[in-house]
Amino acid sequence: MVASFGSGPRCTPRRTVENTQRIAAPRHAGIAREAVTLHVDGVPQEVEVVRQERFLGGTQAYWVCSRCGALRSHLYVVAGALACRVCHQLKSSRVPPVVARAARLRRRLGAQPGLLSPLPRKPRHWSPVYYQRLVGELIAAEGVIREMLGGTIRALERRKGRLHGPR
């Protein structure tokens, strides 16, 4: 039997760093190595904390992953288990750098987020050269985003043609 879109077992949403409960870095104290008991879903779990000297003075605290033994700044809770992102095989759903760059430029210019939102006038205290440079960088970044979106649309149209045939 040929499978099509939507048939087969249900897909579970991908676990990412952004949508998983995270235990932040441990608090700084004077002890070099200690054990801390954390209650995860009502179950006590003992986690080790290691503090290392920093180059310019002070200390940095790290968790010791209970599975792999690596020093980590954050631990994650998945199904009641406490471990690092590598052990839980968590991915990151980061946005492409060009999208982040365009958002940063829009924020700096004082514009609303989004590709089609208008740009405000140049503030009086800005030089025209600076304003034009920022607008030029924004146009270039949004041009790259436009090409990325165009490629995605073309791929979806090709897929639609294969699934449904010519209409």
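Just the ratio, please: alpha-carbon radius of gyration of segment 111-160 over 2.2 N^0.38 Å, N its number of residues. All intermediate terms of the calculation are to be shown ahead of the outcome.
Details: Rg = 15.4 Å, N = 50, 2.2 N^0.38 = 9.7 Å.
Here the answer is 1.58, to two decimals.
Which FRET efficiency, nearest 0.05, do ALA103 and ALA70 yield, Cβ-Cβ r, R0 30 Å?
On the way: r = 33 Å, r/R0 = 1.10.
Result of the calculation: an efficiency of 0.35.
At ILE145 and TYR130, where each label point lies 7 Å from the Cα along Cα→Cβ, what is the point-to-point distance in nanometres?
2.3 nm
Fewest Cβ neighbours within 10 Å first, please rank HIS74, HIS125, HIS39, HIS88 accordingly.
Values: HIS74 14, HIS125 5, HIS39 8, HIS88 19.
Fewest-to-most ranking of HIS74, HIS125, HIS39, HIS88: HIS125, HIS39, HIS74, HIS88.
Please give the FRET efficiency for VAL95 paired with SER117, using the beta carbon to beta carbon distance and R0 = 22 Å, rounded to the nearest 0.05. Working shown, then result.
Working: r = 18 Å, r/R0 = 0.80.
So, using R0 = 22 Å, E works out to roughly 0.80.
Are there trypsin sites (Lys or Arg not before Pro) in segment 72-140 that DSSP puts in a loop and that have at most 13 other Cβ atoms within 10 Å, and which ones?
On the way: sites: ARG72, ARG85, LYS91, ARG94, ARG101, ARG104, ARG106, ARG107, ARG108, ARG121, ARG124, ARG133; in loops: ARG85, ARG94, ARG121, ARG124.
Here the trypsin sites (Lys or Arg not before Pro) that fit, given the DSSP loop and packing criteria, are ARG94, ARG121, ARG124.
Per residue of segment 52-58, what does 6.51 cos²θ - 1.76 cosθ + 1.60 with θ = phi - 60° give for ³J(HN,Hα)? Whole Hz please, x for Gly and Pro, Karplus curve as stated.
These are the phi-based 3J(HN,Hα) values: 10, 5, 9, 4, 9, x, x Hz.
Using θ = phi - 60° and the Karplus relation 6.51 cos²θ - 1.76 cosθ + 1.60, list the HN-Hα couplings for segment 120-128 in order, rounded to whole Hz, with x at every Gly or Pro.
x, 5, 5, x, 4, 7, 8, 6, x
Would you mind counting up the charge near ALA70? Only other residues with Cβ under 13 Å from its Cβ, with Lys and Arg at +1 and Asp and Glu at -1.
Values: positive: ARG67, ARG72, ARG85; negative: GLU48.
Charge balance in the 13 Å sphere: +2.
Starting from the exponent 0.38 and prefactor 2.2 Å, build the expected Rg for segment 21-83 from its residue count and divide its actual Cα Rg by it. Could the numbers behind the result be given before it?
Numbers: Rg = 12.1 Å, N = 63, 2.2 N^0.38 = 10.6 Å.
Against the empirical 2.2 N^0.38 Å value, I get 1.14 for segment 21-83.
No lab work stands behind these numbers, since they all come straight from the coordinates. Only a predicted model underlies this, so the values are computations on that prediction, with no experimental measurement involved. So basically every Cβ, Gly included, is an ideal-geometry build from the backbone, and we count neighbours across all protein chains shown.
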